[in-house]
Amino acid sequence: MATFDNLLSKAVYFIRERKGGSAMSNVPNDSGKGMAIAAMICGILGIVGVWIPIVQYFTFVLSILGFILGLVARRRTVTGKGMATAGLVLGIISIACYAIVFLCTVACVGALGAAGTLGAAGTSLGNALY
């Protein structure tokens with residue numbers, strides 16, 4: 001008579017033989033595809049987040065992350081190179097947009113500061129002339 005442990009071990013042996021090895025041997029090892037998807041999602045969120053004022057600060061990190069994940073995924077994956085490239089390009093574009101928005105903000109603050117100073121100086125100059 002066979003015990004339960006013997007039957008269980010025979011069943012596990014039979015399943016492994018039918019599958020050609022362990023249960024995890026048929027899982028493809030494409031670690032870059034998940035990174036490619038993450039890079040594309042981070043790039044998309046970075047592009048959208050450029051134009052939302054408060055969210056900009058958080059999505060800038062996603063843009064950099066999309067750029068880095070896109071680079072890594074392009075080297076690791078075989079099947080998801082298109083998504084990795086899309087994440088890489090979207091990350092680059094969103095970082096460039098962040099730089100433009102930052103420069104425009106600095107220019108506007110500088111212009112407003114100069115206009116305020118000029119207005120005060122013009123007022124005192126106008127009072128001195130009259």
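Fully extending the segment from residue 92 to residue 79 would add 2.5 nm, taking 0.36 nm per residue of separation and subtracting the current Cα-Cα distance.
Computing FRET efficiency as 1/(1 + (r/R0)^6) for residue 58 and residue 107, where r is the C-beta to C-beta distance and R0 is 30 Å, gives about 0.80. Based on Cα contacts under 8 Å between residues 6+ apart, the stretch 32-120 shows a relative contact order of 36 percent.
Throughout, read-outs are computed from the coordinates displayed, never taken from laboratory work. Computed from a predicted model, the values in this text were never measured in an experiment. Cβ sites come from the backbone with ideal geometry, for glycine too, and all protein chains shown count toward neighbours.
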